[in-house]
């Protein structure tokens, strides 16, 4: 017996379908695949869960997200039912306390992004190679779209509702999800620890990791010969936004082989960067990073004199990840950032195998890494799509 | 053209907003204000408290600050406000 769906039904035609969804504000700017009741029921059944099963509760939005709504939006996105375990887990990670969901309403356009690890990456044929941040493969692209639609339709993350970000996320509809290439080895067959093992999961687990990222995307081409040279160069590029925040660095396979061959673990690289990420007070003043937490200034108001470099400022440094409080910290960081020890630099291996560029995203300091193991039962009975406009 | 049914993808606010119980009379009450940290909001909130003090015989006022603009107030801070005030004013937004 098919599950009983409770979502309101609207009668339409193939010609009028997308006009209906645009008119009702039910789509994030792109056309949709029709979520007919029979296809949505098939998606729900594939999870083995009832349609009213609450996947996650979001008190900041007065909303809970059910299996049925995940299924409706996933059909609209063009997903296969086999993708639902990833989508369900991704929604769960957004509701984890460490992600601090409400921060994505902020002016800086922070938005959840997801890294997928483990055997499910190859099972779903997720792209980890050429163009991986740009998607194009069905799995990462339509899972991204499903999450964009869920955030739009179920969690009020849209302009005109609570989305206040000044610029927005390029690739919101297609590039929220990336998968790591866990198979890169050096000439001796040595590999690098996958991201999810750094959060304590087994390598054989499939895991979704949620991280909040801003619109900025940085990329630089580097010579690949020496690991410490590469790490030193990263210090010059990755941290210029100078937030105490979760940093996600994407390293292509050839660069990963340099580190592996030199005996650096990912944790070694992360620790190296955390110990050395710093800028001078003079640089912070000149670059506009000084006084970011202006409300913490004495008197709580802009004071132009505080922003002018003074003699000696070039020799005073603020360490981004220092655990020791410094005299200038409140001129750069908020008290919340200083009180929160969870900021971590995480590294994934992905991208084309000829690449000499590394990439990083501008982070946001509102939320922290949130990881969850994928329940392999959800979606396990899925057999494939039977979508058609007349399917209902 | 053939017609077919499709489903509404939206989630209405299915958890009823939990409004605090209203206070019928502000006289004799302690009123708090929670500042989210955005510059100038403190001016607005302090102005509001001053207006209320002009209009009512308040027992007192309290002023609090959230540690970060865009995340929810920590539970210990919320509990402190609950313990110290009869009502609290805050702004929403980012």
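Sorting A:4, A:140, A:185 on the 10 Å Cβ count, fewest up front, what's the list?
If I rank by nearby Cβ atoms, fewest first, I get A:4, A:185, A:140.
Arrange the following residues from fewest to most other Cβ atoms within 10 Å of their Cβ: A:89, A:232.
A:232, A:89
Where both partners of a DSSP beta bridge lie in segment A:98-226, what percent of those bridges are antiparallel, to the nearest 5?
The antiparallel fraction comes to roughly 65 percent.
Go ahead and set up a Gaussian network model of chain A, Cα springs under 10 Å, then flag whichever of A:78, A:134, A:29 fluctuates most.
Most flexible of the set in this elastic network: A:29.
With both partners inside the protein assembly as shown, how many of the DSSP beta bridges are antiparallel, as a percent to the nearest 5?
Around 65 percent of the beta bridges assigned by DSSP in the protein assembly as shown are antiparallel ones.
When you take every Cα atom in segment B:30-90, what is the radius of gyration, and what is Dmax, the widest Cα pair distance, in Å?
In Å, with Rg to one decimal and Dmax whole: 11.5, 34.
Taking beta carbons within 10 Å but only from partner chains, what does the mean come to for residues A:61-71?
Average neighbour count from other chains, rounded to a whole number: 3.
Report the percentage of all Cα-Cα pairs in the protein assembly as shown whose separation exceeds 41 Å, rounded to a whole percent.
28
Taking the Cβ of each residue in A:376, B:55 as the centre, tally the other Cβ atoms inside 10 Å and list the residues starting with the fewest.
Lowest count first: B:55, A:376.
Could you work out, residue by residue across A:4-14, how many beta carbons of other chains sit within 10 Å of that residue's beta carbon, and then give the average as an integer?
4
Roughly how crowded by other chains is peptide B:34-46, in terms of the mean Cβ count from those chains within 10 Å of each of its Cβ atoms?
For this peptide, the per-residue mean of nearby foreign Cβ atoms is 2.
As a test, work out the antiparallel percent of DSSP beta bridges whose residues both lie in segment A:226-364, rounded to the nearest 5.
50
Quick note: the coordinates plus some simple rules give every number you see, no bench work behind them. The model shown is predicted, which means the values in this text are computed figures rather than measured ones. Note that each Cβ is placed from the backbone with ideal geometry, even for glycine, and that neighbours are counted across all protein chains shown.
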